[in-house]
Structure formats: C-alpha cells, structure tokens
Amino acid sequence: MKDMSNWRNEFIFPDLDKIDFSAGREEAEKKLSPDKITGYVMQDGLFERLMSLCPTEEGLAWMIEEPEDAADFFNAMADYKIAMIHKLMKEWVHIDMIINSDDWGTQMSTFMSPSVYEELILPPMKRIGEVVKSYGVYYVCHSCGKCQALAPYMVDIGFRMWETQNMNDHKAVQRATEGKLNLQVTLDPYVLQDPDVTEEQVRNYVRSVIDRLGTNGGLALAFKALTPMVYTSVIDEIYTYSRKLYAGREGQPANPQDL
C-alpha cells in the first residue's frame, strides 16, 4: 500500500462465510492420530501483516505518528482472526493447539519499544487470547528475534509457550515470567552438526541444557540432526534423562526460587 491511512478502503478482509471447510476437513481427518497433537499455525500476525503491506520503516513510523489509526488496523485484524478461530473450531477437525506466528524482534532487540507494544499490539492480542482460552486449546507464541522484553506480555495474552531463539536470555525470561511461560529452545546446531561430534558429547550437551533450563519442567527442545547417531542420541537422552529428573514430580508447579 502506498499510504497506510487508506487501509480501510484498500485492504479487503476475506468473507469467511463464503469459505467451505468441508472438503479439506474430510481429507485432514484421514491424517489425524490420537497419539499426536493437532495444531493450527495462525500465520501473518498483527505486526507481520502490517509489514507485508508497506516497508518496515514506514509501518513503524505510521505506528508512532498515527497511533489511533494503527490501533484501529490491529483491532480490525484481531476481529478477523477471532472470526477465523471460531470458524476453525466449529467447522474444522479437532484442534489441540494454536500457534500464533508474529515476529516482533530482530537479532538485537524488538522492532518497537515495550510501551508502543503495550499500547497498540497488546490489547487486540489479549482479545484473541481470550477467545483461544475459551476453547481450551494450548496457545503458543511463535516470535523470532530478541523479544525477551515482551515475555511478561506473552503471559498476559494467555500464551502457554514461546517458540524462542537463542539470542534471548532464557533464564532471564523464566525469572521474569516466574515460570509461567514454557519455552521451546533450539539446541545449538554448532554442537549437533559438528562432523566430529561424538555420542557422549551429544548426550552431555542435551543434559546440560535440561539442567540449565528444564529443572522445573516447562521446556521443549527443537533440533536438527544431520546423522542418525545425533538424532537417536538426542531423542533418547531427552526421554531417559527427563524420566529420571521428573520422576515423582507430576503436577508440581515451578518454584520461582529455582529459576
């Protein structure tokens, strides 16, 4: 868009009532498994949708210069996403988890200050979160970049987990959220994809990450393996070490003093 102030006239929201989910639902139902989580990735979050309409610097300037207009846009986007969630939950296959994808940061910091986020993004995001909560599904935040300053807001929104990146201080996030925000952390590819890495080194590394970030639970590990040895070693070590670490602790809440 050449001018974001014209978004009301130029930006057209799809009519969800005209979209038939039945054909796709029947095909999707064939792939469901009772042993696997069924998730829906809600792409193009509020901020990312703005970034797809104009250059990043222009979008950020618009948020600062025309905050009321920007707030109306984000709320209109939230209304659309809420309508989509209602349609999804009523007409699609059973959903266990919704992942909201919206990158809020760069490698160094957030795209916007926490105060701007709190003013413009947080209110519509909380409205979306309330709807997700009403359906009892697990709500996940996918947000790339160094967004740890926004982690407390993620809790306020209703996110249960953040798919984070390693430029964030994960311990600081756990402390700031008092263990209320589970973390998905990616294992270091420079360790796992080293051509000379041994099975012992892989297992020791996995244990060190769990010891550092997972003693209170609330930790999911993502990784990429280039060899069968690395893949099987990571999977086995996560399973066997966690079984020992968490034995007898089912249902116990995280202790903030241990974070």
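Output the DSSP H helices from the chain with an along-axis C-alpha extent of no less than 27 Å and a mean Kyte-Doolittle hydropathy no less than -0.5. Don't skip to the answer; put the middle values down first.
Values: long enough: 67-91 (35 Å, -0.23).
Once both thresholds are applied, what remains is 67-91.
Of Lys87/Lys126; Lys31/Lys146; Lys126/Lys180; Lys133/Lys180; Lys2/Lys90, which ones are farther than 26 Å apart at the Cα? Write out the running numbers ahead of the final one.
Details: Lys87/Lys126 19 Å; Lys31/Lys146 35 Å; Lys126/Lys180 16 Å; Lys133/Lys180 15 Å; Lys2/Lys90 37 Å.
Flagged as over cut-off: Lys31/Lys146; Lys2/Lys90.
Which distance in Å, rounded to a whole number, links the C-alpha centroids of the stretch 51-111 and the stretch 140-179?
After rounding, the separation between the Cα centres reads 17 Å.
Run the simple label-point estimate for Glu66 and Lys224 please: 7 Å along Cα→C-beta, distance reported in nm.
Modelled inter-label distance: 3.9 nm.
Provide the percentage of antiparallel DSSP beta bridges, counting only those with both residues in the chain; round to the nearest 5.
5 percent
Using the basic label-point model (7 angstrom from Cα toward the beta carbon), what is the Asn75 to Arg243 distance in nanometres?
Using points 7 Å along Cα→Cβ, the separation is 5.3 nm.
Label the stretch 20-186 by shape, choosing from rounded, prolate and oblate, from the square roots a ≥ b ≥ c of the eigenvalues of the Cα gyration tensor; if a/c is under 1.5 it is rounded, and otherwise prolate applies when a/b is larger than b/c, oblate when it is not.
Oblate, since a/c reaches 1.5 and b/c is not below a/b.
Each value in this text was obtained by applying a stated rule to the coordinates, not by laboratory testing. Model, not experiment: these values are computed from the prediction. Using ideal geometry, Cβ is built from the backbone for each residue, glycine included, and neighbour counts are taken over all protein chains shown.
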